Amino acid sequence: GTGAEGALRFLSEMAVPHTYPVVQSCLEALLKDNWNPDPWKWSTEFKPESGLFGADNVRAVVFSYFGIEDYDFIQTEIQRTLGYVGEVSSIPSIEEITGTYGNKLYYTGTPLPDLYNLKLLAFTQSWRNDENIKAIAGAIERLIDLSPLPNIYIKMKSQLIAPARISPSNLKLSLLDLKPKEWFWWTHTMELFARMGIVKRVPSLLRQAN
């Protein structure tokens, strides 16, 4: 990502605390009523059935990078995200959740989780109990079963929008078969799965980790 989200993610990865003046100022700005004064056209749309999870989803992720999750809007997004990800367990096939527009697939219901959904669960703690972890592990196992994941777009009127996809698209690949670019993305995605505490509960992830 670019902009504020990417910059703050970088600072959190460098172990810069949320009390550091620049970070603190940015987070305080994100708490103002007009925190998103010039939004991208569809960024504020909340249509999860189509794959648009709303601007608060990304905003909650930014706070989670710094271990902050006690604001009401963050707790709301965590609960919503548990639902988004959990629904993957009930997806019978990619064909059942997609339609075709201009020879491209788009979501018609129960979208696959995007990268920010995984990040929010990876960097927060309050959702974690045995029931939720078991449910999320089952959903990720189903996501792996459905892979390789095709490019699926979000359709808004006549426009197709690319979501923040999870990479690599084939989560079944053996580490021995990964290409250089796939190595980068697999490491990134595996880190999120590990942070979520589900690796030992998903056999294919455990094989990869070992």
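The values are calculated or read from the model by the stated rules, or taken from the named source; none is laboratory data. Note that the coordinates shown come from a computational prediction; the quantities given were computed from them, not determined experimentally. Don't worry about glycine lacking a Cβ; one is built from the backbone with ideal geometry, like all the others, and counts go over all protein chains shown. Note: areas computed on protein heavy atoms with side chains; ligands, DNA, RNA excluded. Shrake-Rupley method; radii C 1.70, N 1.55, O 1.52, S 1.80 Å.
Values for this structure:
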| quantity | calculated |
| --- | --- |
| Number of positions in the range 1-53 that are on the phi > 0 side of the Ramachandran plot and modelled with pLDDT of 85 or more | 1 |
| Qualifying residue in the range 31-49 (condition: without any contact (Cβ under 8 Å) to a residue 40 or more places away in the chain and open to solvent by less than 20 Å² (accessible area, probe 1.4 Å)) | no |
| Residue ID - modelled with the lowest pLDDT, chosen from residues in the range 108-141 that are open to solvent by 60 Å² or more (accessible area, probe 1.4 Å) and touching a Ser or Thr at 6+ places or on another chain (Cβ under 9 Å) | Thr108 |
| Residue selected from the range 4-21 under the condition under 21 Å from Ala55 (Cα atoms) and small (Gly, Ala, Ser), by the criterion surrounded by the fewest Cβ atoms within 10 Å (Cβ to Cβ) | Gly6 |
| Test: residue in the range 73-84 that is open to solvent by 30 Å² or more (accessible area, probe 1.4 Å), basic (Lys, Arg), touching a strand residue (DSSP E or B) at 6+ places or on another chain (Cβ under 9 Å) and within 21 Å of Ile133 (Cα to Cα) | yes |
| Residue list for the range 85-107, filter: open to solvent by 70 Å² or more (accessible area, probe 1.4 Å) and assigned to a loop (DSSP other than H, G, I, E, B) | Pro92, Asn103 |
| Failed item in (1) open to solvent by 10 Å² or more (accessible area, probe 1.4 Å); (2) aromatic (Phe, Trp, Tyr); (3) farther than 20 Å from Glu95 by Cα, with Tyr153 passing the rest | (3) |
| Condition broken by Pro111, with the remaining ones in (1) in a loop (DSSP other than H, G, I, E, B); (2) farther than 23 Å from Arg165 by Cα satisfied | (2) |
| Subset tally (residues that are farther than 14 Å from Leu115 by Cα and surrounded by fewer than 16 Cβ atoms within 10 Å (Cβ to Cβ)) for the range 161-196 | 12 |
| Test result for Ile68, open to solvent by less than 60 Å² (accessible area, probe 1.4 Å) and either in contact with a Gly (Cβ under 8 Å, 6 or more places away or on another chain) or closer than 21 Å to Ile140 by Cα (or both) | no |
| Close pairs from the range 71-87: first over 12 Å from Trp127 (Cα atoms), partner open to solvent by 30 Å² or more (accessible area, probe 1.4 Å) and aliphatic (A, V, I, L, M), Cβ under 7 Å, at least 6 apart | Gly86/Ala135 |
